[in-house]
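Visitor: Sharing a structure below in structure tokens format, with a few things to ask.
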Amino acid sequence: MACGVGTCKGCAVHNNKKKYKYVCSDGPVFDAEEIFGGGA
Amino acid sequence: MTGRLEVELGVLTLENPIMVASGTFGYGLEYAEIVDIGRIGAISVKGISLEPRLGNAPPRVCETPSGMLNSIGLANIGFDAFVAKTLPELQKRGVTVVVNTYGTSIEEFQTLAARFDKVDGVAALEVNISCPNVKAGGMHFGMFPEAAAEVTAAVRQATSLPVIVKLSPEAADLTGVARAVANAGADAISLINTIRGMSIDVNTRRPRLGNVMGGLSGPAIRPIAVRMVFEVHRAVDIPLIGIGGITCLRDALEFFIAGASAIQVGTANFTNPQTATDLIDELDAYCEEKDISVTDLVGTIEVD
């Protein structure tokens with residue numbers, strides 16, 4: 001990531017709903033399912 | 001503050017010549033708790049498009065020696081949200097707001113200009129004809145004098161706000177683009193935007209950026225930016241705003257001497273968001289010590 005504070009929009013990741021989440025401000029911890037999809 | 005830092009960029013007067021570059025400081029508000037954002041000469045906000053944009057596929061940034069690549073893709077909240085929610089908050093804090101605008105067509109640039117013309121709290125528009133990370137518009141308009149002039153004229157027609165046109169280093173004829181833009185009515189030129197670059201992960205053999213290429217910024221590009229400010233200063237009479245890897249006073253002085261009347265801090269904000277406000281203090285102390293105004297420095301390079 002570049003700014004680390006939610007402004008540069010550099011740390012985008014896709015979630016399982018095809019939306020962008022930002023690791024610095026929405027994370028940095030996510031539910032595994034949200035990032036990798038699927039179930040057990 | 002001694003008053004030595006005031007600069008005039010055509011019809012736009014700034015309290016000091018230190019700005020922050022679009023895309024590197026969000027909309028300014030995000031840093032308000034740790035930076036006195038009202039002190040910054042002007043904040044060029046993240047590029048605003050008519051409709052909100054989500055941005056490009058990740059990964060969007062990667063570090064490279066003395067700089068970084070970005071392919072954010074002009075992710076922004078769009079005109080409506082910016083005017084309704086963000087601009088009033090910036091006004092409350094006494095921020096000098098330069099609105100960076102992006103369009104995929106000349107009509108979009110013109111529509112944005114016409115709309116911002118009617119809005120309170122905007123000090124100037126910065127027309128982004130130099131973003132390398134979007135499919136349409138952006139850099140395309142900045143590559144050729146004719147296209148650059150068309151966009152500038154369209155924007156000029158639509159607004160009485162000060163118009164700053166932000167140039168790309170990728171133009172084959174940069175001074176031609178600069179002249180065309182000046183003749184088409186730009187009040188000032190800001191340069192440079194990023195330069196297309198690429199980095200490859202040698203283990204996966206994939207590009208490190210999701211969009212394959214991105215814009216290179218930071219100290220690695222500073223000599224290119226200084227060269228271009230020098231060249232464009234000799235080609236046009238309108239004021240220039242220098243951008244490219246500025247991290248400290250010495251860097252800023254280089255740009256003033258080359259011909260810039262103001263500068264923008266960009267990539268350096270990611271390591272120290274207080275770079276701009278620190279620079280204001282350092283520049284003020286420098287001018288006080290030399291008993292000059294910052295305008296006395298502009299274009300004073302000695303070249304035979």
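The values are calculated or read from the model by the stated rules, or taken from the named source; none is laboratory data. Model, not experiment: these values are computed from the prediction. Heads up, the Cβs are rebuilt from the backbone with ideal geometry, glycines too, and the neighbour counts pull from every protein chain shown. We work out accessible area using only protein heavy atoms, side chains counted, and drop any ligands, DNA or RNA first. Shrake-Rupley method; radii C 1.70, N 1.55, O 1.52, S 1.80 Å.
Visitor: Specify the residue that is nearest to B:VAL294 (Cα to Cα); the eligible residues are those in the range B:1-52 that are among the polar types (S, T, N, Q), in contact (Cβ under 8 Å) with a residue 24 or more places away in the chain and open to solvent by 20 Å² or more (accessible area, probe 1.4 Å).
Guide: B:THR2
Visitor: Sticking with this structure for a sec: In the range B:230-243, is there at least one residue being in a helix (DSSP H, G or I) and under 16 Å from the mean Cα position of the chain (by Cα)?
Guide: Yes, the range B:230-243 contains at least one residue that is in a helix (DSSP H, G or I) and under 16 Å from the mean Cα position of the chain (by Cα).
Visitor: Here are B:ALA188, B:ALA182, B:ALA124: which of them is open to solvent by less than 30 Å² (accessible area, probe 1.4 Å), farther than 29 Å from B:GLY38 by Cα and touching a residue at least 24 places away in the same chain (Cβ under 8 Å)?
Guide: Exactly one residue qualifies, and that residue is B:ALA182.
Visitor: Considering only the range B:280-304, state which residues are within 11 Å of B:GLY3 (Cα to Cα), open to solvent by less than 60 Å² (accessible area, probe 1.4 Å) and assigned to a helix (DSSP H, G or I).
Guide: The answer is B:ASP284, B:CYS287, B:VAL294.
Visitor: Identify, by number, the condition in (1) part of a loop (DSSP other than H, G, I, E, B); (2) within 14 Å of chain B (Cβ to nearest Cβ); (3) not charged (D, E, K, R) that A:ILE35 doesn't meet.
Guide: Of everything listed in (1) part of a loop (DSSP other than H, G, I, E, B); (2) within 14 Å of chain B (Cβ to nearest Cβ); (3) not charged (D, E, K, R), A:ILE35 misses just condition (1).
Visitor: Among the candidates B:ALA81, B:ALA114, B:ALA153, which residue alone is more than 24 Å from B:ILE243 (Cα to Cα), assigned to a helix (DSSP H, G or I), among the aliphatic types (A, V, I, L, M) and free of Cβ contacts under 8 Å to residues at least 40 places away in the same chain?
Guide: When all the criteria are applied, what remains is B:ALA81.
Visitor: I'd like the full set of residues that are in a loop (DSSP other than H, G, I, E, B) and buried (at least 18 other Cβ atoms within 10 Å of the Cβ), limited to the range B:200-218.
Guide: B:ARG208, B:LEU209, B:ASN211, B:GLY218
Visitor: Considering only residues of the range A:1-27 that are facing chain B (nearest Cβ under 8 Å) and assigned to a strand (DSSP E or B), which is least open to solvent (accessible area, probe 1.4 Å)?
Guide: The selected residue is A:ALA12.
Visitor: As an exercise: evaluate B:ALA262 against (1) surrounded by fewer than 24 Cβ atoms within 10 Å (Cβ to Cβ); (2) away from chain A (no Cβ under 14 Å) and give the number of the one condition it does not meet.
Guide: Going through the list (1) surrounded by fewer than 24 Cβ atoms within 10 Å (Cβ to Cβ); (2) away from chain A (no Cβ under 14 Å), B:ALA262 breaks only (1).
Visitor: Taking the range B:76-88, which residues are open to solvent by 10 Å² or more (accessible area, probe 1.4 Å) and hydrophobic (A, V, I, L, M, F, W, C)?
Guide: B:ILE77, B:PHE79, B:ALA81, B:VAL83, B:ALA84, listed by residue number.
A quick yes/no check of all residues on (1) more than 14 Å from chain A (Cβ to nearest Cβ); (2) outside any loop (DSSP other than H, G, I, E, B):
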position: B:GLY3; (1), (2): yes, no
position: B:ASN16; (1), (2): yes, no
position: B:THR24; (1), (2): no, no
position: B:GLU30; (1), (2): no, yes
position: B:VAL35; (1), (2): no, no
position: B:PRO58; (1), (2): no, no
position: B:LEU87; (1), (2): yes, yes
position: B:GLN110; (1), (2): yes, yes
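Visitor: Kindly indicate the residue of the range B:89-108 that is surrounded by fewer than 20 Cβ atoms within 10 Å (Cβ to Cβ) and hydroxyl-bearing (Ser, Thr, Tyr) and also nearest to the other protein chains (Cβ to nearest Cβ) among those meeting that condition.
Guide: This residue is B:THR104.
Visitor: Right, here's the next one. In the set B:ALA148, B:ALA124, B:ALA180, B:ALA153, which member is among the small types (Gly, Ala, Ser), under 20 Å from B:ASN76 (Cα atoms), at pLDDT 95 or above and out of contact with any His (no Cβ under 9 Å at 6 or more places or on another chain)?
Guide: Being among the small types (Gly, Ala, Ser), under 20 Å from B:ASN76 (Cα atoms), at pLDDT 95 or above and out of contact with any His (no Cβ under 9 Å at 6 or more places or on another chain) holds for just one of B:ALA148, B:ALA124, B:ALA180, B:ALA153, which is B:ALA124.
Visitor: I've got another one for you. Pull out all pairs, ordered by first then second residue, where Cβ-Cβ is under 8 Å, the residues are six or more apart or on different chains, the first lies in the range B:196-209 and is more than 19 Å from B:PRO65 (Cβ to Cβ), and the second is of a type in the set (A, V, I, L, M, F, W, C) and in a strand (DSSP E or B).
Guide: Taking only residues 6 or more apart or on different chains, the pairs are B:ARG206/B:ILE200.
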